[in-house]
Amino acid sequence: MNLSVQRLAELDLPLGDWALFGSGPLLLRGWIDEVGDLDVVSRGPAWEQAKEHGNLAVLPDGNQIVEAGAGVTVGRTWLYGDFAIDDLIDTAEMIDGVPCVRLEHVISYKRLADRPKDRVHLEIIESKTP
């Protein structure tokens, strides 16, 4: 098991209040072999629990994140795009017991971010989906 995925499981965040975003859903699908980190969007009880198990940090834009160790980052907002966190969490799909932001949102994010790895990930998504 990937060390970041293991750490995420150890946090035991309450289901229904968080979802894996970024490249994490691709990792869990087995479409990529590694990620730099796992990005988690959270709210309410999951956010509070994450703060108990990691280090609170303030980003340059003023938003707070929790650095939970082993490459797991938990936040309440998303840097790229105008995503409604509640919608991302409420519409998440389960992959191997982990709530993951739906693929269409991952695609939107990766198009906005438009980094070299995002372009590669978009090609992978396109090759794996109808």
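Structure values in brief
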| quantity | calculated |
| --- | --- |
| Tally, over region 86-113, of residues that are in contact (Cβ under 8 Å) with a residue 40 or more places away in the chain, farther than 11 Å from Ala19 by Cα and among the hydrophobic types (A, V, I, L, M, F, W, C) | 2 |
| Residue in region 111-130 that is farthest from Leu26 (Cα to Cα), counting only those that are under 15 Å from the mean Cα position of the chain (by Cα) and at pLDDT 95 or above | Asp118 |
| Residue list for region 5-32, filter: more than 22 Å from Gly44 (Cα to Cα) and among the small types (Gly, Ala, Ser) | Ser23, Gly30 |
| Residue ID - surrounded by the fewest Cβ atoms within 10 Å (Cβ to Cβ), chosen from residues in region 81-118 that are under 16 Å from Val35 (Cβ atoms) and out of contact with any strand residue (DSSP E or B) (no Cβ under 9 Å at 6 or more places or on another chain) | Pro116 |
| Pairs where the first residue, in region 3-14, is within 15 Å of Met94 (Cα to Cα) and the second is open to solvent by 40 Å² or more (accessible area, probe 1.4 Å), C-beta under 6 Å, 6+ apart | Leu13/Gln49; Pro14/Pro45 |
| Index of the failed condition, Gly22 passing every other in (1) touching a strand residue (DSSP E or B) at 6+ places or on another chain (Cβ under 6 Å); (2) without any contact (Cβ under 8 Å) to a residue 24 or more places away in the chain; (3) at positive phi | (2) |
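The values are calculated or read from the model by the stated rules, or taken from the named source; none is laboratory data. Remember, it's a predicted structure, so these values are computed and weren't measured experimentally. Cβ atoms come from the backbone with ideal geometry, glycine included; neighbour counts cover every protein chain shown. Surface accessibility is based on the protein's heavy atoms, side chains included, excluding ligands, DNA and RNA. Shrake-Rupley method; radii C 1.70, N 1.55, O 1.52, S 1.80 Å.
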